[in-house]
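For reference, the structure discussed in these notes is given below.
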Amino acid sequence: MAVKTVVGRLGAVPELQAAGQKHVAKFSVAETKRKFDRDRNEWVDEFTIWHDVEAWTAPEQIAQLAKGTWVIVEGEERDASYQSRDTGQTVRRMVIRARTVGTVIRDAPQQRQQPGAGWASASTQGTDEVF
């Protein structure tokens, strides 16, 4: 089994399914490959790879993530091929069985520490709210 790490956006809200006494979250992640174009001095999208993922750890929490959320998934890539009922042909399919799923923080508001206090975001500065 190959270990794989994928960083991308959720293609839809994760689907929560019952599997015996447990639950599993099933979702897809879009990973867009990019390259830097020196002529235009900007990043350019090349192509997108879709990854099917199933997560058995904390599926209820994962199912609360919104479509488009940046996530990082680490897990084993497994063969989930099956025989088509219609054609009888084998349909090749790979699935990542996630060991770890986390959200990616990009373009977050800048934070600064206030003297004598914990960390506060720009929106909570001047209030007693600290996280």
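No value in this document is a laboratory result; all are computed from the given coordinates. Quick caveat, the model's predicted, so the values are computed rather than measured.
Table for the structure above
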{"quantity": "Sequence-distant lysines (8 or more away, or on other chains) whose Cα lies within less than 24 Å of K35", "calculated": "K4"}
{"quantity": "5 angstrom amide H check on M94, placed H, neighbours 5+ away", "calculated": "A80"}
{"quantity": "Segment R92-R9, length gained on full extension (0.36 nm per residue, minus Cα span)", "calculated": "27.6 nm"}
{"quantity": "Segment T32-Q83, length gained on full extension (0.36 nm per residue, minus Cα span)", "calculated": "15.4 nm"}
{"quantity": "Calculated diffusion of the stretch 2-124, Stokes-Einstein form, Kirkwood radius summed over Cα pairs, 4 °C and 1.567 mPa s, µm²/s", "calculated": "76"}
{"quantity": "Contour minus Cα-Cα distance for A18 and W70 (0.36 nm per residue)", "calculated": "16.2 nm"}
